[in-house]
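Heads up: the structure comes next, in structure tokens.
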């Protein structure tokens with residue numbers, strides 16, 4: 001059975017994206033008293049997730 | 001009943017019905033996994049009540065994207081491309097519960113309580129299933145899904161316990177999502193459901209799973225002091 005196109009590339013790209021999201025959340029959680037850190041993490045997560053939702057795979061896998 | 005354990009290398013030799021059913025059910029699963037973040041990230045991530053809640057929404061979305069990734073990988077390996085669902089508008093999603101948009105905190109909480117719980121039921125169908133690559137990813141996915149529905153359950157219970165307008169908002173959200181959750185199990189008389197069981201890809205009929213779910217959520221709703229909605233009002237599938 002031939003693998004679907006972009007299977008490997010999409011898998012690797014999404015792994016990186018998920019890692020970036022977890023890193024942002026894990027960095028902010030112990031710094032809840034520092035609004036700068038928390039707000040930056042939330043903003044980063046929103047920007048990353050917005051790109052995921054756009055689903056522009058050809059752009060991601062260039 | 002088919003009981004063999006199928007690895008990717010064996011998939012090519014499988015009956016066409018098995019291939020079709022596995023591709024079909026996992027495509028819908030992948031669509032539901034990414035469908036959640038599409039419902040709530042835009043409005044709930046920036047507007048959740050506290051910074052901790054905002055971070056938990058982000059982490060929940062990250063885990064759902066990861067569940068999508070795992071399903072997409074299994075599908076990609078058997079030649080099924082589901083990358084198109086990443087950018088689908090909500091109205092195109094396979095499951096009706098994912099067609100709208102979540103714009104209020106109570107809807108996000110109740111979505112966790114009721115719809116993520118359906119997600120757990122759906123994932124439980126694959127425990128010890130005949131497709132080994134799917135069976136292997138389940139423990140982590142189920143553990144994370146359990147976290148999402150626990151969070152939704154706790155937040156809904158908090159709103160109900162406050163009483164007044166807060167409780168009323170929680171009740172309205174339950175009234176909206178309850179029937180959508182029941183519908184997500186599909187038709188009770190589904191012939192396809194029997195074929196999934198024959199091939200060892202599901203463990204329960206749609207009707208059995210729905211009944212177990214109904215009992216579980218009814219007990220939770222009652223415990224919160226909220227009313228159980230009419231299970232037949234507004235249903236698409238019986």
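Read-outs throughout are calculated quantities, based only on the coordinates presented, and are distinct from any laboratory measurement. None of these values were measured; they are calculated from a predicted model. In this analysis, Cβ positions are derived from the backbone assuming ideal geometry, glycine residues included, and neighbour counts consider all displayed protein chains.
Between helix B:164-183 and chain B there is an angle of about 20 degrees, using the helix long axis and the longest principal axis of the Cα atoms. For peptide A:13-20, the mean count of partner chain Cβ atoms within 10 Å of a residue's Cβ comes to 3. Of the peptides B:199-206, B:63-70, the ranking by mean beta-carbon count within 10 Å, highest at the top, reads B:63-70, B:199-206.
Peptide A:43-55 is shielded by partner chain Cβ atoms: per residue, an average of 5 of them sit within 10 Å of its Cβ. When peptides B:85-95, B:19-29 are ranked by their average number of other Cβ atoms within 10 Å per residue, the highest-first order is B:19-29, B:85-95. Can you tell me the orientation of helix B:132-162 relative to chain B, as the angle in degrees between its alpha-carbon axis and the longest Cα principal axis, to the nearest 10? With both axes taken from Cα atoms, the answer is about 10 degrees. The order of B:237, B:196, going from fewest to most other C-beta atoms within 10 Å of their C-beta, is B:237, B:196. Built from the Cα atoms of region B:135-182, the convex hull projects on average onto 4.0 nm², one quarter of its surface area.
Taking the C-alpha atoms only, the angle from helix B:206-223 to the longest principal axis of chain B is near 20 degrees.
Note on B:151-157: average number of Cβ atoms from other chains within 10 Å of each residue's Cβ is 0.
Counting other Cβ atoms within 10 Å as a rough exposure proxy, the listed residues A:45, B:129 run B:129, A:45 from fewest neighbours to most. The alpha carbon convex hull volume per residue for region B:79-238 rounds to 124 Å³. Highest-first packing order for the peptide set B:181-193, B:101-113, B:211-223 is B:101-113, B:181-193, B:211-223, based on the mean count of other beta carbon atoms within 10 Å. Say R0 is 25 Å: what FRET efficiency, to the nearest 0.05, do residue B:12 and residue B:192 get from their beta-carbon distance? That gives a FRET efficiency of 0.65.
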